[in-house]
Amino acid sequence: MSTESKSLYGILAEVKNPKKLIDIASAVERGGYRKFDTFSPFPIHGMDKAMSLKKSKLGWIVLGHGIAGLIGGFSMIYFMSVADYPLNISGKPFMNIPAWVPILFELTVLLSAFGAVFGMFFLNGLPRLNHPLFNSENFKKATDNGFFICIESEDPKFDRTEVQKLLEDHGAENIEEIYPD
């Protein structure tokens, strides 16, 4: 199958170092592109700002699950201890909140942890067993010593020749078109 008959995923380019990656990401963002991503073997301080990324929603997801765990645990214990099967033990009140603290804490932490894990999966679009970038032999360096930027063809401003010129003008090398298989 020729490359003309396949749909283009995006254009991938390699840069030499983290500073160049930040510079090229800033240039791409200033150029008006929104659907692009950078890849490096380690986190790069300042990349979020260079790409104008918004704050993650994961914190709110974890908070929501933690509150749900706290309220759910309190409701469960209240129902069991006060409404369903009240036991009068040594004249203590049915609603003995200090005794409930360990259970409430554990349920809050448990549901927060589930929210963090499953929220991360959801926000990252996982599980995805294959990604079009894995078709590039050059991209295998991203886990070791390579720094890459990929501008996706779904970007409204995407034009093949303009993107390649932009990447070349900012010192990118090994520029290649990525096609999903």
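Every number here is computed from the coordinates shown, using simple stated rules; none is lab data. What you see is a predicted model, and the numbers here were worked out from it, not measured in a lab. Here the Cβ positions follow ideal geometry from the backbone for every residue, glycine too, while neighbour counts run over all protein chains shown.
All of (1) in contact with a helix residue (DSSP H, G or I) (Cβ under 7 Å, 6 or more places away or on another chain); (2) under 12 Å from Val15 (Cα atoms) hold for Ala142 with one exception: (1). Looking only at region 43-67, residues that are in contact (Cβ under 8 Å) with a residue 24 or more places away in the chain, within 18 Å of Asn124 (Cα to Cα) and in a loop (DSSP other than H, G, I, E, B) come to 3 in all. Which numbered condition in (1) more than 30 Å from Gly73 (Cα to Cα); (2) part of a helix (DSSP H, G or I) is the only one that Gly115 fails? All conditions are met except number (1).
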